[in-house]
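Shown next, in structure tokens, is the structure this report addresses.
The values are calculated or read from the model by the stated rules, or taken from the named source; none is laboratory data. Quick caveat: nothing in here was measured; it's all calculated off a predicted structure. Backbone-built Cβ (ideal geometry, glycine too); neighbour counts: all protein chains shown. To get the accessible areas, we keep the full protein, side chains included, count just its heavy atoms, and leave off ligands, DNA and RNA. Shrake-Rupley method; radii C 1.70, N 1.55, O 1.52, S 1.80 Å.
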Amino acid sequence: MGVGMVVSWVVVGLLAGWLAGFAMKGGGYGLIGDLVLGLVGGVVGGWTFRVLGVSAGGGILPTVLVAFVGALIVIVAQRKWWHPARLGT
């Protein structure tokens, strides 16, 4: 795995996390939060698309779309089960 691959994962993760935070009207989670959300969302989205038998194709835009869908799933799960209001903050 080269530096270019890691940089592309970070860019896709940031973009997907930022888009998901914006779409869910949460305003985002900061740079690190959006990055983590996007990277985890990319894994969740890739797994979900694979299980459903859907191919997003190749390139940066389909990759961002898959990560975005996964990040939305992660945000919904986070807000349902691990909401800050439930933690007393």
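Okay, residues lined up against (1) touching a residue at least 60 places away in the same chain (Cβ under 8 Å); (2) open to solvent by less than 40 Å² (accessible area, probe 1.4 Å); (3) in contact with a Gly (Cβ under 8 Å, 6 or more places away or on another chain):
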position	(1), (2), (3)
Val6	no, no, no
Leu31	no, no, no
Gly38	no, yes, yes
Gly41	no, yes, yes
Leu72	no, no, yes
Val76	no, no, no
Trp81	no, no, no
Just to be sure, is Ala56 surrounded by 13 or more Cβ atoms within 10 Å (Cβ to Cβ) and at negative phi? yes
